[in-house]
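Data block below; observations after.
What follows draws every value from the coordinates through simple rules; no lab data is involved. This one's a predicted model, so the numbers in the text were calculated from it and none came from an experiment. Ideal geometry is used to build each Cβ from the backbone, glycine not excepted, and the neighbour counts take in all protein chains shown.
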Amino acid sequence: MEATGTDEVDKLKTKFISAWNNMKYSWVLKTKTYFSRNSPVLLLGKCYHFKFEDENKLLPARSGCTIEDHVIAGNVEEFRKDFISRIWLTYREEFPQIEGSAFTTDCGWGCTLRTGQMLLAQGLILHFLGRAWTWPDALNIENSDSDSWTSNTVKKFTASFEASLSGESELNTPTVSQKETIRRHSDDHEMRNEIYHRKIISWFGDSPLALFGLHQLIKYGKKSGKKAGDWYGPAVVAHILRKAVEEARHPDLQGITIYVAQDCTVYSSDVIDKQCTSMASDNTDDKAVIILIPVRLGGERTNIDYLDFVKGILSLEYCVGIIGGKPKQSYYFAGFQDDSLIYMDPHYCQSFVDVSIKDFPLETFHCPSPKKMSFRKMDPSCTIGFYCRNVQDFKRASEEITKMLKISSKEKYPLFTFVNGHSRDYDFTSTTTNEEDLFSEDEKKRLKRFSTEEFVLL
């Protein structure tokens, strides 16, 4: 009976903390992100210039972007459309309860899982849609009004807490927005893009069946000793994403895999082996690969010497972003201007969206405005991601990145390396995994080490 009472207290505590976090991260403050018109902006390998063209041509206030000295358009609209088209995955509330816990929200603890999802989503966009793709409705998104959100937040907190006490919380299925109903495209290519756009987002839905949703990622995290409510570091998330993609049985996902670097080393033969492995015996095509490289950009603080390297990485067409952040907060870094990083912030609580319904609303999966942060504030622990469409693409990318590593390395050793051969050729033990134990013993030891080294996420 005493144990039962303790469990009830723990559940009530979890519900109270979740309700508090829901309120805390639903609070919206209107902020402007300032961009210089004199410096180029790089976003995942694309360059934009905000040069003065017509001082009477103003950037719409809803964009949240302000250009120093003059509010101008220049290439701003193209940049905004590109940025907004990236998939934004944030805290959510009122989703189906996570198995083995009382959690129906990830507010306060799931930010690194969300930034990992954003990186994987960008890799899937490159795979299915290509880097040139942008969402046709991107510029129609409006920034939320802070006053209305503030009042709604208080109401949501009160209702959420009362429901937690009574145990009568119900899931609210959002109404389908007519604005977001798929238009009848005359162009088959546009129709295909819209289908894949929605399909990719649905894979990250907050339900137990979503392939890369929070519920599935937490299930794979249990194999490394993690559970719902724990903090996850960038390296641990990299391995969880790899397992999620490996275990995905969707036909569309059989042509892509994930490789995670071992101790800052990418073994080329191991990568190529993964790309040439096919579940279908009649399929001889190379697989695409997302390469994830957990690194540290310094000791206790980020070494400013790595700034040029990080900027170089984000300038590459192969880059799918960086899972990083600053101490106690995880961000998805996607670009830069001068010495500031451009990122998407998952620390914003939104209501659960049922992605299984037809024409589910898309607005909350796209960020209306970018944020910037000084590189000096970046936490040294992060995971860098690259996408390569085939073996030839991987070889070309590894050569290009290796040249960049040599140029940017001011110390004796580069941040990470590409080497020929397999990991087993360098005395790394390889333990075969079975279906019941998704992580090998060697992986578990590595994940535990990552867990103790990385910053704590609140």
Completion exercise
FRET efficiency for H250 and N38 from the Cβ-Cβ distance with R0 = 35 Å, rounded to 0.05, comes out at 0.15
Practice task
Count neighbours as other Cβ atoms within 10 Å of each site's Cβ, and list the trypsin sites (Lys or Arg not before Pro) in region 227-263 that are DSSP loop with at most 10 such neighbours.
Solution key: R249
Problem - Extension reserve of the N420-I195 stretch, reckoned as 0.36 nm per residue once the Cα distance is removed - result: 77.1 nm
